[in-house]
1. Taking the conditions exactly as written (of a type outside the set (G, A, S), modelled with pLDDT under 85 and buried (at least 22 other Cβ atoms within 10 Å of the Cβ)), does V120 satisfy them or not?
2. Looking at the range 286-308, which of its residues are under 15 Å from N272 (Cα atoms) and surrounded by fewer than 24 Cβ atoms within 10 Å (Cβ to Cβ)?
3. Could you tell me whether the range 555-564 includes any residue that is among the basic types (K, R), closer than 30 Å to L133 by Cβ and either touching a strand residue (DSSP E or B) at 6+ places or on another chain (Cβ under 9 Å) or not in a helix (DSSP H, G or I) (or both)?
4. Before we move on, is T620 at pLDDT 90 or above, of a type in the set (S, T, Y) and over 28 Å from the mean Cα position of the chain (by Cα)?
5. Output the residues belonging to the range 317-329 that are buried (at least 21 other Cβ atoms within 10 Å of the Cβ) and not in a loop (DSSP other than H, G, I, E, B).
6. Report, ordered by the first and then the second residue, all pairs with beta carbons closer than 7 Å, sequence separation of six or more or different chains, a first member in the range 616-633 that is in a loop (DSSP other than H, G, I, E, B), and a second member that is surrounded by fewer than 17 Cβ atoms within 10 Å (Cβ to Cβ).
7. Could you check the range 127-142 and list, in sequence order, the residues that are under 30 Å from Q176 (Cα atoms) and surrounded by 24 or more Cβ atoms within 10 Å (Cβ to Cβ)?
8. Please go through the range 14-38 and give me each residue that is in contact with a Gly (Cβ under 9 Å, 6 or more places away or on another chain) and modelled with pLDDT of 80 or more, ordered by number.
Amino acid sequence: MNSKNSTEELLLTINREIEDILAHSGDETSWEDQFAELMIEHLTEAGELDDGELCEFKRREVKVNGYSYGNDVDSIDLFTVFCSRNVPSASISRNQIQNELDKTLNFLGKCMTEGYFNLVPEASPVMDLALLLHERRNKLQEVRIFLFTDCRSKPVSFKEIEKESLKISFHIWDIQRLSQVINSGNKRETIEIDFKKEFGTAVPCLEINDANTDYKTILAVFPGEILADLYEKYNARLLERNVRAFLQARGKVNKGIRATLNAEPGMFLAYNNGITGTAESIALENLESGGKGITYLKDFQIVNGGQTTASLYYTRKKDKADLSAAFIQAKLCIINDQIRLDKVVPLVSRYSNSQNKVNEADFYSNDPFHIEVEELSRTVWAPAQSGSNQLTHWFYERSRGQYNDEKSKLTPAQRRNFSRENPSQKRFAKTDLAKYENTWIQVPWIVSLGAQKNFRDFAARLSERKGFKASQDYYQRLVAKAILFKETEKIISRQKYGGYRAQIVAYSLSWLSFISYQRIDLDKIWKNQCLSEDLTEAIRKISATVHEHITNPPGGRNITEWCKKKECWENLKDLDMPVKLSEISLDQITAKGFRPSSPEKGIDGPDENDEKLILEVMQTPSEKWFEIAQWAKETDNLQTWQRSISYSIGKLIARGKSPSRKQAFQGKKIIDEVKELGFPV
């Protein structure tokens, strides 16, 4: 498929996706909002952004559609959207682009100089942005304005604007540029660096040749100024995805690195471990001083040393540090086979970071858990809804675009059948799964951080859980949580609260989970593929209280930021419940055969292997567990906490209840240990 065809196919797919969303969600947001959300998702995946908030606002010559800011109080991204909704794609002229950018530039200027927040709707996402810009007007050093458009533009560039200490840059993302990134295989734009052209010098290096390997190794010494310049230009795109996730999750400036750069930049090479990078191709030249130098790198990615690289840039930017004496050692692996490059880079990243505190959750692309959920989503049929005999699948996209990829391989007749069996409104991605699970375990402040940050939190818990197996029961209850979430989005959209839908959904469902002790009958929701009338009404009542709570933060704080604080959740739990359990019919609360003492806990609950272990531990009678505890106390065997667990397991079994998976795990170890000591079990 040529690039023009792939661009038009992407545009058609995006239009259909937005139409599906608007048709099935009952959403009060606009086409522009949905387009902006899709663009933010794609560019976050590509490393261009770190999530984003929507806040559509238009007034004559003023416009903004969203924004994003990370750990730095001195930089912010603003988004504006221009949609023609034409297929094939229309063209957008330079003058039209300039006009759209000027509107957002006007919004920025009014917020920073005129207190424009007084003129925008109160208790709205755009109010949060206006307040944010006004409060930071003396601290902001960098603003990036992005134009998202479904049109095609000719190559254009706009000069940066510098006003005192503030730098404003412009970034145009048309449908063709997005298509190139999505179809590149890398899901990001390839970085190409001409060192002679950009920096006027080659980077000294040593080439290691080994005929027994299918890659080339280069050892180099990078000037600190060059690495800082590269990070300033490419930002997180320079970092391989795993390192990017690590860096975004844990902050950007290492205090030790910063201290060395400020006090002893000449010692940086001696003190720092350096960086590891990969590239698709390289060009070298002979240096006049002897040896070789790197003049060109294609698809350069830093897979270890992201914090070092970012710290060079931020220390120079914030502390005005002189990096001319700072040098960094680098190991580069050049792999010119694109297929092998895609496989090897994540492994190089994993092994390079094994010495550092990079959590295994950062390497989640092919986690067995997600593969299991994907397989279940293709094989487990959801029950037909009332009045229909059509069985369907809930389609899990382990990697973005799987749904459309599978559909594109089919004939027209097969596509129609695929759409019937896999309705677009029943697909969900990894970030959606994380929202469903984290909402259910009652951490709405984390869900409110944004899709990527919330997913990283979920991935960290999944990693700590170690080896959780996604069974069919787990999958069906996961889908029930998806139904709860999607239906709640519709319920809240119908209330027309005027903004903060994502936050209201997360807090309302977390509160429902809290007041029901995580005992909403998920099996019943799976069976019916919908919510009951009384459960729907309960969510509506809860959402009204939640809306009132989050839009009245203490001290008039920024609402969006208030929702990201645990304090917001703790204060909500202290309020009088707008819904009593008695108002929800009993069959919606307690599932048949469902143990009240063992609520549905998602990945934190027992899987099939845990259930087997629990049953094995329960085969030892309660009296025997009491005997173990007494014997261990009399003989001074076992640890105090082990004796306590033995007694606790005995009490649970005596009451006809099951131990938790953690208690069962320790119980099995206790049984094995006392057997070794000669105690009869």
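The values are calculated or read from the model by the stated rules, or taken from the named source; none is laboratory data. All values derive from a computational prediction rather than experimental measurement. Neighbour counts are summed over all protein chains in view; Cβ atoms, including those assigned to glycine, are modelled from backbone coordinates with ideal geometry.
1. Details: of a type outside the set (G, A, S): yes; modelled with pLDDT under 85: yes; buried (at least 22 other Cβ atoms within 10 Å of the Cβ): yes.
Taking the combined requirement at face value, the residue satisfies it.
2. Of all residues in the range 286-308, those under 15 Å from N272 (Cα atoms) come to 304-308.
The answer is Q307, T308.
3. Of the range 555-564, the ones among the basic types (K, R) are 557, 564.
Filter once more, keeping what is closer than 30 Å to L133 by Cβ: 557, 564.
When the remaining residues are screened for being either touching a strand residue (DSSP E or B) at 6+ places or on another chain (Cβ under 9 Å) or not in a helix (DSSP H, G or I) (or both), the result is 557, 564.
Yes, that holds for at least one residue.
4. yes
5. Hits for the range 317-329 are F327, I328.
6. Cβ pairs passing all conditions: T620/V681.
7. L129 - this is the single residue of the range 127-142 that is under 30 Å from Q176 (Cα atoms) and surrounded by 24 or more Cβ atoms within 10 Å (Cβ to Cβ).
8. Step one: filter the range 14-38 for residues in contact with a Gly (Cβ under 9 Å, 6 or more places away or on another chain), giving 28, 33, 36-37.
Result: D33, A36, E37.
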